[in-house]
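Below is one structure, written out as C-alpha cells; the observations come after it.
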Amino acid sequence: MEVIDKVKTRVYRFGNKKADGNSKMKNLLGGKGANLAEMSSIGIPVPPGFTITTEVCTEYNALGQEEVVALIKDEVEQAIDNIETLMGSTFGDIDNPLLVSVRSGARVSMPGMMDTVLNLGLNDEVVLGLAKKTNNEQFAWDSYRRFIQMYGGVVLGMKPASKEDIDPFEEIMEHLKHKRGITLDTEFTVQDLKDLVYDFKEAVKKRTGHDFPTDPWDQLWGAIIAVFNSWNGDRAVYYRTMHGYPADWGTAVNVQAMVYGNMGDNSGTGVCFTRDAGTGENVFNGEYLINAQGEDVVAGVRTPQQITKLGSQRWAELAKIEEEERAKDYPSLEELMPSIFEELNGYQDILEKHYRDMQDMEFTIQDGKLWILQTRNGKRTGAAMVKIAMDLLKEGMINEKEALLLIEPNKLDELLHPIFDPAALKRAHVMAQGLPASPGAATGKIVFFADEASKFKNSILVRIETSPEDLEGMNIAKGILTARGGMTSHAAVVARGMGKCCVSGAGALKINYKTRTLTVNGHEYHEGDWISLNGSTGNIFEGKVATMEPELSGEFAELMELASVYGKMNVRTNADTPKDAKVARSFGAQGIGLTRTEHMFFEVDRIKAMREMILADTVKGRKQALEELLPMQRSDFEGIFEAMQGLPVTIRLLDPPLHEFVPHQLTTQKELAEEMHISLQAVKNKVAELEEFNPMLGHRGCRLGNTYPEITEMQTRAIIEAALNLKEKGINCRPEIMIPLVGTVREFEAQEQIIRTTANTVFEEREDTVDYLVGTMIEVPRAALMADAIAERAEFFSFGTNDLTQMTFGYSRDDAGKFLPIYIDKGILKVDPFEVLDQEGVGQLVKLGTERGRSTKPDLKVGICGEHGGEPSSVEFCYNIGMDYVSCSPYRVPIARLVAAQAAIKAAQ
Ligand code: PEP
Ligand code: MG
C-alpha cells in the first residue's frame, strides 16, 4: 500500500443546503452519498449527515480497524458535531437526543449488500427522551426494539443459528405473540415492547458473550466498521463477482440525522410527484398525513390527504364529499400549512428542473420544519411516460434525443393493448403464473376448445398447447392461456401477431379436456368460469377483472415521428394477412420481413386441398391438389401486396412439418377418409408415416421444398402471378422469396433453381416481368458458418433467431417451458433466450453470419425475423452489428422503431 495521506479529506459533510461533495463524485462518495450531497448543494433541505469515502473502506481492508478509526476519528466527531448544530439536538443526550441512520453506499447500487441501521443512538435512557420528545411512548419503545433488532442482525451477527432456525429476534417475538394470543407487531403494548427490548439484549449477551452496546459512540463505530466488513461479506462478493465489479471499489458509509413526522400536530410526512404518474399531466400532486411516520402513508391504516387544494377537491369529488366538509375534515397541505406547502412546491420545481425528469419525492415535517428525505425519477404508466417526455421537450427542459431516451420501450406496449382497470386489479387474486407471451389484459370465461371460442361473448381459450388448427378460435377469444410452450411456442407467436393477450407455459395448470376442468393448486375451475390474464406479466387471475381499452394520444404520434427522424435502421413486420399488414403499416412498418405461408392453409376450404396433396401418393395427384390451392395463395398474396402498396414483402416458402396439417383425432380422420373416398386405415397410415421423433429437426423447411418441388413451384407461381396482377393495377410490389431452414449451399441452389425456372415460365406466359429477390433464412447454425458461400447466390439474409436459438442451445422451442423457468429461477440463465437474444452465444452466429455474408456480397441485405426482432435489447444489438432492418409482430413495430432511434442516438454519443 502507498504511504497514507493523513491530511486528505475522508469525511464529506452535507446539510443546511450545502455540501462538500456533489453528484459527480460517485466513485468517492458512492451513489447514495453523491446524491445526498447534490440535493443539499442545490438548496434542498435534506437531513444533515456525512459520508465516509469509499477510499476509507479500502484503507480499512489494508490497515485494519484501529488505524482506520484513528485516521477518521476527528473528522467523524466534527461531522456529528455539525449535525448536532444543524438539528439542535445532541447525540446521546437524554432530553433532546439526536438519532442517526447508518447505510452503506457503493458507487453502483448493490441491492441487499447491507441492511440499514435506523435509530442509532438509542439506549435505556435515551429512549425515555425520545418518548418525551415525540410524546409517544409506544413509538419510542418500538423504535428501540427495532434498533436492537437491526443492529443485532447487521452489526453483531445475530443471524439464525442454522438454516433450519428462524431469526433469533423473530423467535422471541413469536414466543411473546403466542403467549399474549396476538398475531400482529402492532398489537404489542408498551410493556410488551419493553419486555422485548430486555429479552433481545439478553439474547445478544447469551450469543455474543457481550452486553448490547449502550454508548451511542460505540454503537456508531460498530455500525461503521460493519458497513466496511459488509463489502467483503458473502452477498457483496457474490454480487460483485456476478457483475464484474472490482474488490477495490469499496463502499462508502452514510450517516444521517433521523427526522420524525410523528412529533405532534406540527409534524407530518408524505410522498409527492412533480407530475401525475398516471396521466403525465403537469400537476404537482401527492399525499400526506399529519403526526405520522413514513410507513403510515403507504400502510393504509389512516387515509392520507392530498397535498394540493386542487388534488384534494378532485379527490373529494370522487369520494362524493361536499366542499365544506372537505375543507374542514380533509384539508390539503396547501390549506393546512401554506408556508410549508410553498416551500415544498419550490423544491419540487428545483428538483424536476435539476434532474430533468418527473420526480417522486419523500418528505417529513418535523415540528414545523420541512425535510426532503429522497428524490428519484418517478415510476409512471406508459401513457404518462410518453406525455411527460413530449411535454418536457416542449417546455425546453430536454432536447429531442433526450426525450427519445426517456422512453422505456417495453412500456409502449401498455398504450397499444387493453390494460386492467387499476382499481379492479387491486382486488384481484393471482391463481397462477405463466410466461408473459403476448402483452395486454384480457378477461373472459374459460373455454377448452378453439371451435367453442364463440360460446361466450368473452372467452379465454385455455389449452395444454395450441396448434395451427386453433387459429380461428384464438382470433375469437379475448385471450389465450397455455400450460405448455415457451415464448416462441405456436400460441405465443400467433398471439403476438394478432396483438392478442397470451400467457403461455403456465406449468402449474392441470388441464383435463374430458372433464373440461382446469386445476391449479388443488382448486378446480370449470368451463364458463371467469379468469383474467395479464400477458405483460404472466399473471393469471381468478374471476373477472375489468379491463380498459387504450387510447392513442397525439403525443404518441409525435414521439413516433421523432423516432423516424433519428432511427437509421428499417423496421418491418411479420404479417400473414392483409389485416395484420395494415395494422403494422398504421404503426409505421416499412415492409414485411416475414409472411409465414403455412397459416394460410388452415381455413376450411384450403386445409382439405392441403390434406389431399399430402395424402396423394403420386406427383400427379399432388399437383392436382396444389392446383386447387394456387388461386387461393395468389389471392392471399395479392391482398398482402396491396396492403403494403409497393413496400418490400418477404414471403417464406412452406416451413412446418407436414404432420401439422393432417388430423390426429379419430373423428376428423374418419371425416377426411369419407371426403376423399379412401379407407380410414389409409389416412391412419399416412398420419403414422408423417410422425417424427423431433419434428422441429425433421422434415420441414427447404427439406420439404426439395423433396416435394411441386410445393415450391406452386408457391412461386402464386407469388409471381400476384405481383404481375398488381402491376397491372399500378402497384409495383417487390416480392422477396425466402427459403427456410437452409443449412447447405446445395439446398439453397436446388430451391433457387425451381423458383427461377417457375418465375421465368410465368414471365413468358404473361409476357411481362417483375423484380423479385431470392434469399434465405439463416436459422441453422451451419448456415451462419457457411454464410459466405450461401451469399454467393442468396440476395438477402433474414436471421430466424427462433430456430437459431433452438439449435444453438439445443433447447426444443416447444418443450423448453419445462425447465427454462427453473433455470431462470436458479440463475443458471438470466433470461429466456427465446425472448431476449443471447448476444453472447447465438449473437456470435448472427454477427459472424452477417460479416461472412457481406464478405462475399458487400451490399447484402440483412435482417432478422425471429421473435427477437421486437425485443428492445435484441433490436439494439441488430442495429449495432449493422443490420438493414428488424422485423417483428405488428404491435411491436412502434417499440422497434423507438429502439432503432435510441440505438442510433446511443451509438453516436
Ligand atoms: C425463426 O425460426 O426465427 C423464424 C422466424 O421462423 P419460425 O418461427 O416460423 O420457425
Ligand atoms: Mg424458423
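The values are calculated or read from the model by the stated rules, or taken from the named source; none is laboratory data. Just so you know, these numbers come straight off a predicted model, no measurement behind them. Note that we place each Cβ from the backbone using ideal geometry, even for glycine, and neighbour counts take in every protein chain shown.
So here's what we get for this one:
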read-out	value
Residue count, the range 551-575 (criterion: surrounded by fewer than 16 Cβ atoms within 10 Å (Cβ to Cβ) and assigned to a loop (DSSP other than H, G, I, E, B))	3
Qualifying residue in the range 749-766 (condition: assigned to a helix (DSSP H, G or I), within 16 Å of ligand 2 (Cβ to nearest atom), under 27 Å from Ile614 (Cα atoms) and not small (Gly, Ala, Ser))	yes
Filter result (touching a Phe, Trp or Tyr at 6+ places or on another chain (Cβ under 7 Å) and either buried (at least 22 other Cβ atoms within 10 Å of the Cβ) or polar (S, T, N, Q) (or both)) within the range 817-842	Pro833, Leu837, Gln839
Unique match (being within 30 Å of Asp265 (Cβ to Cβ), surrounded by 21 or more Cβ atoms within 10 Å (Cβ to Cβ), assigned by TED's automatic domain parsing to the domain that holds Phe228 and modelled with pLDDT under 95) among Asn135, Asn119	Asn119
Test: residue in the range 769-792 that is over 27 Å from Met883 (Cα atoms) and either more than 14 Å from ligand 2 (Cβ to nearest atom) or outside the structural domain of Gly853 (by TED's automatic domain parsing) (or both)	yes
Qualifying residues in the range 852-871 (those that are buried (at least 21 other Cβ atoms within 10 Å of the Cβ) and part of a helix (DSSP H, G or I)) - the one nearest to ligand 2 (Cβ to nearest atom)	Glu867
Test for Ala794: is it buried (at least 17 other Cβ atoms within 10 Å of the Cβ), away from ligand 1 (no atom under 12 Å from the Cβ) and not β-branched (Val, Ile, Thr)	yes
Residues being more than 21 Å from Gly268 (Cβ to Cβ) and either outside any loop (DSSP other than H, G, I, E, B) or aliphatic (A, V, I, L, M) (or both) - total across the range 302-320	2
Asp167 being in contact with a Pro (Cβ under 6 Å, 6 or more places away or on another chain) and in the same structural domain as Ser143 (by TED's automatic domain parsing)	yes
Inter-residue pairs, beta-carbon under 9 Å, first without any contact (Cβ under 8 Å) to a residue 24 or more places away in the chain and in the range 216-231, second crowded, with 19+ Cβ neighbours inside 10 Å and not aliphatic (A, V, I, L, M), 6+ apart	Asn229/Tyr60
Pair list, Cβ < 7 Å and 6+ apart or interchain, from the range 704-716 residues that are closer than 17 Å to Val742 by Cα to residues that are part of a helix (DSSP H, G or I) and among the hydroxyl-bearing types (Ser, Thr, Tyr)	Gly705/Thr712
Residue list for the range 718-750, restricted to those being within 43 Å of the chain's Cα centre (by Cα), of a type outside the set (Ser, Thr, Tyr) and over 21 Å from Phe601 (Cα atoms)	Leu726, Ile731, Asn732, Cys733, Arg734, Val742, Gly743, Val745, Arg746, Glu747, Phe748, Glu749
Members of the range 707-748 that are of a type in the set (D, E, K, R) and either more than 17 Å from Leu629 (Cα to Cα) or outside any helix (DSSP H, G or I) (or both)	Lys727, Glu728, Lys729, Arg734, Glu736, Arg746, Glu747
Within the range 353-378, tally of residues that are touching a residue at least 24 places away in the same chain (Cβ under 8 Å) and of a type in the set (Phe, Trp, Tyr)	2
Residues being in a loop (DSSP other than H, G, I, E, B) and among the hydroxyl-bearing types (Ser, Thr, Tyr) - total across the range 267-295	3
Among the residues listed as Gly817, Gly843, the single one being in contact (Cβ under 8 Å) with a residue 24 or more places away in the chain, in a helix (DSSP H, G or I), away from ligand 2 (no atom under 15 Å from the Cβ) and under 24 Å from Ile592 (Cα atoms)	Gly843
Helices (runs of 4 or more DSSP H) (entirely within the range 607-706) containing at least 3 residues that are modelled with pLDDT of 95 or more and in the same structural domain as Asp815 (by TED's automatic domain parsing)	619-644
Residue under evaluation Thr269, criteria (1) over 27 Å from Gly92 (Cα atoms); (2) surrounded by 14 or more Cβ atoms within 10 Å (Cβ to Cβ); (3) at pLDDT 90 or above, criterion not met	(1)
Only listed residue being surrounded by 22 or more Cβ atoms within 10 Å (Cβ to Cβ), among the charged types (D, E, K, R), in contact (Cβ under 8 Å) with a residue 24 or more places away in the chain and more than 16 Å from ligand 2 (Cβ to nearest atom), chosen from Arg585, Arg606, Arg611	Arg611
Residue match in the range 830-844 (condition: of a type in the set (Asp, Glu) and within 12 Å of ligand 1 (Cβ to nearest atom))	no
